[in-house]
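One structure is given below, encoded as structure tokens.
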Amino acid sequence: MTSPLHRDDVAHVAKLARLSLSEEELALYTDQLGQILEHANDMSTLQLDDVIPTAHPFGLINVVRDDSVRESLDRDVVLAMAPDAEDGRFAVPRIMGEAP
């Protein structure tokens, strides 16, 4: 079977991608990419009319706990342990610029 890809095609794509390939690399990649395209062509001949399209071969289930209201930490106790607090919130340095 002849390769669906030619050396000039690979050289053109390499140039577009700004890749500098040697002659040996061009020959190698032409062969490898040709094999990939042949395989993709083989896949197009499969009879898939009765196959249901899926995004994943296995059913995925998220395992999470139930969302329920429960006791949490007291705000004043937590803020008392913080290095710096202001107006009922943690005080942190600005992301840009100097710390206040």
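Values quoted throughout were computed directly from the atomic coordinates according to the rules given, and no laboratory measurement underlies them. The model shown is predicted, which means the values in this text are computed figures rather than measured ones. We place every Cβ from the backbone using ideal geometry, glycine too, and count neighbours over all the protein chains shown.
Structure values in brief
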| quantity | calculated |
| --- | --- |
| Note, ³J(HN,Hα) from phi for region 32-49, Karplus 6.51, -1.76, 1.60, rounded to Hz, x at Gly and Pro | 5, 5, x, 5, 5, 5, 5, 5, 4, 5, 4, 5, 6, 8, 5, 8, 10, 4 |
| Amide proton proximity set for Ala85, modelled H, under 5 Å, gap of 5+ | Ala91 |
| Where trypsin sites (Lys or Arg not before Pro) in DSSP loops with at most 16 other Cβ within 10 Å are excluded, longest remaining stretch of the chain | 19-64 |
| Sparse-neighbourhood loop sites, chymotrypsin sites (Phe, Trp or Tyr not before Pro) in region 1-94 - DSSP loop, at most 12 other Cβ within 10 angstrom | Phe58 |
| Base-10 log of normalised Debye intensity for the chain (one unit scatterer per alpha-carbon) at q = 0.12, 0.23, 0.25 Å⁻¹ | -0.71, -1.11, -1.23 |
| Inter-probe distance in nm under a simple model that places probes 7 Å from Cα toward Cβ, at Met43 and Glu86 | 5.6 nm |
| Expected 222 nm ellipticity per residue - DSSP helices of 4 or more, -39500 (n - 2.57), all of the chain, to 500 | -12000 deg cm²/dmol |
| Backbone HN-Hα couplings from phi across region 65-70 [Karplus 6.51/-1.76/1.60, Hz, Gly and Pro as x] | 7, 5, 7, 9, 6, 8 |
